[in-house]
Structures are given as structure tokens and as C-alpha cells.
Amino acid sequence: MDRVILSDTMLPDREYHEKNASAVAYVYVSVEKDTNNDDRLTESDEKQIAISSPNGKSYRVVVPKADSLNEAALISPTRLLILYSKGAKLAAVEVDPSDFASSITEYEIPVTLKR
């Protein structure tokens, strides 16, 4: 099976309300495996979170298993923060959007999500 992209989010280099904000990265939520065995790739399968440069190159999976993407934000020119949930846990990854090959910082947020 191929990958199905469920959503993509452009991260601009300025505030969203500003005109002509150019993209510095895209964040994708995709499904690659039929984890619920219904012979389809859908929202109900386990998701991956990936990033790419604005032209779609340098595509990189940064979260191989997630239930949902909670937030993606540029917190500085060299720090892209992605918050996601997996089960009842909230976690985060940080990566440098100017260097998609850079190391990923991964950590769990000490909170339990209600389902």
C-alpha cells in the first residue's frame, strides 16, 4: 500500500495574519499501514507525522506512530515544535526547519489526556 496524506499544514516565516507569509516548512499527517485491518488507509489507522521543505523535498518522518497532531509551530527560526498524542500521552518533537537532516529532540509532556 502507498501512503495517504490526511492533512498538511504550512508553517509561515511570519504571523499567519500577515499578507504574503512565505512557507518555511510543511507538516504532514499521513497513514502508511492498515493498522486496523479493514483493507483501507483511513483516519482510524495509526498515523505518522512528517515534515518537508516548502517545495516538498527533504520529506522526513519525525513521528513514526501517533494518534493525532495537536499543534505545530515555529518557536524560533531554528526550532519547529510538534505536539502530538499517542494513547493518553502527550509528546513533542523539535527539529531545525532550516536543516531537515538535523537531529530530532523528542520528549514526553507530563500530562494525561482524557479520551
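The values are calculated or read from the model by the stated rules, or taken from the named source; none is laboratory data. Note that this is a predicted model, so its numbers are computed, not measured. When we count neighbours, we look across all protein chains shown, and the Cβ atoms used for this are built from the backbone with ideal geometry, even at glycine.
Tallying residues that are under 18 Å from E32 (Cα atoms) and surrounded by 17 or more Cβ atoms within 10 Å (Cβ to Cβ) within the stretch 53-74 yields 4. Among the residues making up the stretch 52-78, those that are more than 16 Å from A101 (Cα to Cα) and among the small types (G, A, S) are A66, S68, A72, A73, S76. Only a single criterion out of (1) touching an Asp or Glu at 6+ places or on another chain (Cβ under 7 Å); (2) closer than 15 Å to T9 by Cα; (3) among the hydrophobic types (A, V, I, L, M, F, W, C); (4) at pLDDT 90 or above is not satisfied by V24, namely (4). Take the stretch 68-97 and flag every residue that is under 17 Å from S53 (Cβ atoms), at pLDDT 85 or above and more than 15 Å from the chain's Cα centre (by Cα). The one that is under 17 Å from S53 (Cβ atoms), at pLDDT 85 or above and more than 15 Å from the chain's Cα centre (by Cα): T78. Residues in the stretch 75-115 that are surrounded by 11 or more Cβ atoms within 10 Å (Cβ to Cβ) and polar (S, T, N, Q): T78, S85, S98, S102, T105.
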